[in-house]
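The next block holds one structure in the form of structure tokens; read it before the comments.
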Amino acid sequence: MTTPSPDAPILFFDSGLGGLTVLGPTRALLPTAPIVYAADYAGLPYGKKSDEELAARVPALLGRLVERYQPRLAVIACNTASTIALPHVRAALDLPIVGTVPAIKPAAERTKTGVIGVLGTEATVRQPYVDDLSARFAAGKTVLRHGSPGLVTAAEAKLHGQSVDPDAVRNAIAGLRDQPGGDAIDVIVLACTHFPLLQEELQAVVGPHVALIDGAAGIARRIAHLTEGQPWPAEARPGIAAFTHSDVHPLPPLAALAPYGIGRIETI
Ligand code: DGL
């Protein structure tokens with residue numbers, strides 16, 4: 001691969017604001033990396049879409065974004081898009097693509113009871129990819145899954161400065177715990193990048209003895225590894241957040257994105 005210009009950004013992509021939970025730990029490792037954070041508000045929520053629709057939509061949109069921003073690497077900071085569209089995106093685009101997959105492996109290493117919960121979108125939890133991860137990394141353990149669109153709405157609301165619906169959080173946890181064997185869950189995989197935005201609210205409901213884990217730190221390390229030795233700007237500059245236009249979802253306040261190094265919002 002040719003050496004990228006120091007100004008070539010890392011592109012983060014999600015349906016909404018969940019990918020910020022991957023951007024955060026990446027900035028901690030690569031503090032001067034130029035950032036473009038892209039959110040497909042016109043398509044939010046992805047968890048309600050069909051596999052066919054996402055397999056077509058995600059590569060097409062990423063193609064547009066790559067043309068516009070010329071990133072050195074793209075991160076699909078969305079479990080739903082990654083578990084469905086990652087091979088299509090890799091086939092369509094000629095740059096390194098990092099995906100986000102449910103952190104079932106670390107969860108299997110951590111559980112003492114042998115019962116793991118996987119909380120994702122409805123689209124993610126039905127993927128054969130999740131069966132495959134469970135068979136490879138959690139053989140002999142019980143993996144219970146639940147799809148929660150309510151948590152995506154709650155996480156978006158939180159970053160828009162609105163209150164989080166406590167029922168959405170309680171119902172999501174009940175969706176796991178009320179399954180046979182669910183009361184023995186001691187590790188929950190947050191298999192949607194929106195959900196770590198509700199870490200405190202979720203932890204308050206599950207209590208201190210259930211671990212909530214996600215894959216963001218590992219993805220950040222992977223991005224740092226893939227860009228090792230590449231030139232970066234000497235100083236951090238404000239990043240860009242690009243949103244596809246939606247009549248349903250208003251843009252978030254810039255103040256909610258500023259802690260992630262974003263200094264400008266644009267609609268694409
Ligand atoms: N943040 C996304 C994920 O990781 C999806 C949220 C949605 O659009 O439903 O799965």
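The values are calculated or read from the model by the stated rules, or taken from the named source; none is laboratory data. Since this is a predicted model, take the numbers as computed values, not measurements. A quick note on method: Cβ atoms are made from the backbone with ideal geometry, for glycine too, and the neighbour counts reach across all protein chains shown. We work out accessible area using only protein heavy atoms, side chains counted, and drop any ligands, DNA or RNA first. Shrake-Rupley method; radii C 1.70, N 1.55, O 1.52, S 1.80 Å.
Using +1 on the beta carbon of Lys and Arg, -1 on that of Asp and Glu, and nothing else charged, what's the dipole of the range 78-224 about the Cα centre, debye to 20? Intermediate values should be presented prior to the final figure.
Values: 13 positive and 14 negative charges, 97 e Å.
Once rounded to the nearest 20, the dipole reads 460 debye.
What fraction of the DSSP beta bridges in the chain is antiparallel, stated in percent and rounded to the nearest 5?
Numbers: 0 of 33 bridges.
So the antiparallel bridges amount to about 0 percent of the total.
Among E156, E200, what's the order by accessible area (1.4 angstrom probe), most exposed first?
Numbers: E156 20, E200 140 Å².
Ranked list, largest accessible area first: E200, E156.
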Model label zone, Q199; criterion: amide N under 15 Å from point 7 Å along Cα-to-beta-carbon; scope the range 12-39: 18-29
Rounded to 10°, Cα long-axis angle of helix 51-69 versus longest principal axis of the chain: 30
Under a 5 Å amide H to amide H cut-off, with H placed in plane at 1.01 Å, what residues pair with F243 once short-range neighbours are removed? A39, E266, T267, I268
Using a Gaussian network model on the chain with a 10 Å cutoff between Cα atoms, which of L86, L254, L176 fluctuates the most? L254
Are there trypsin sites (Lys or Arg not before Pro) in the range 95-187 that DSSP puts in a loop and that have at most 14 other Cβ atoms within 10 Å, and which ones? K112
Helix 79-92 versus the longest principal axis of the chain: what angle, 0 to 90°, nearest 10, using Cα atoms? 40
Positive dipole terminus of the chain, leading residue within Y69, S50, G229 (C-beta point charges): G229
Amide H contacts of V189 (H built 1.01 Å from N, under 5 Å, at least 5 apart or other chain): G117, V118, L119, I213
How much solvent-accessible surface does S50 expose, in Å² to the nearest 10, with a 1.4 Å probe and all protein chains in place? 50
Between D94 and A139, Cβ-based FRET efficiency (R0 35 Å, step 0.05) works out to 0.45
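So how do 229-241, 213-225 stack up, highest first, on mean other-Cβ count within 10 Å? Each step should come with its number before you reach the end.
Details: 229-241: 14.5, 213-225: 19.2.
Sorting 229-241, 213-225 by mean packing, highest first, produces 213-225, 229-241.
Is it possible to state the helix-based mean residue ellipticity at 222 nm for the chain, with each DSSP H run of 4+ residues giving -39500 (n - 2.57), the sum divided by total residues, to the nearest 500 deg cm²/dmol? What is it?
Taking each H run of at least 4 residues, the total per residue is -12000 deg cm²/dmol.
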Expected vector for the range 29-40, Karplus 3J(HN,Hα) from phi with 6.51, -1.76, 1.60 and θ = phi - 60°, integer Hz, x for Gly and Pro, equals 8, 10, x, 9, 4, x, 10, 10, 10, 10, 10, 8
Among A85, H160, G114, the residue whose Cα sits farthest towards the positive end of the charge dipole of the range 40-163 (+1 at Cβ of Lys and Arg, -1 at Cβ of Asp and Glu, taken about the Cα centre) is G114
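Placing +1 at every Lys and Arg Cβ and -1 at every Asp and Glu Cβ, with all other atoms neutral, what dipole size does the chain have around its Cα centre, in debye to the nearest 20?
Details: 22 positive and 25 negative charges, 97 e Å.
Charge dipole, the chain, about its Cα centre: 460 debye, nearest 20.
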By a straight-distance test (C-alpha under 27 Å), which lysines pair with K105 as possible cross-link partners, with residues fewer than eight away in the same chain excluded? K48, K49, K141
Can you give me the Cα centroid spacing of the range 239-268 and the range 181-220 in angstrom? 26
For the range 1-91, what is the charge dipole size about the Cα centre, in debye to the nearest 20, if Lys and Arg each add +1 at the Cβ and Asp and Glu each add -1 at the Cβ? 100
Cα axis of helix 128-137 to longest principal axis of the chain: angle in degrees, 0 to 90, nearest 10? 70
For A258 and Q70, extending 7 Å from Cα along the Cα-Cβ vector and measuring point to point gives, in nm, a value of 3.1
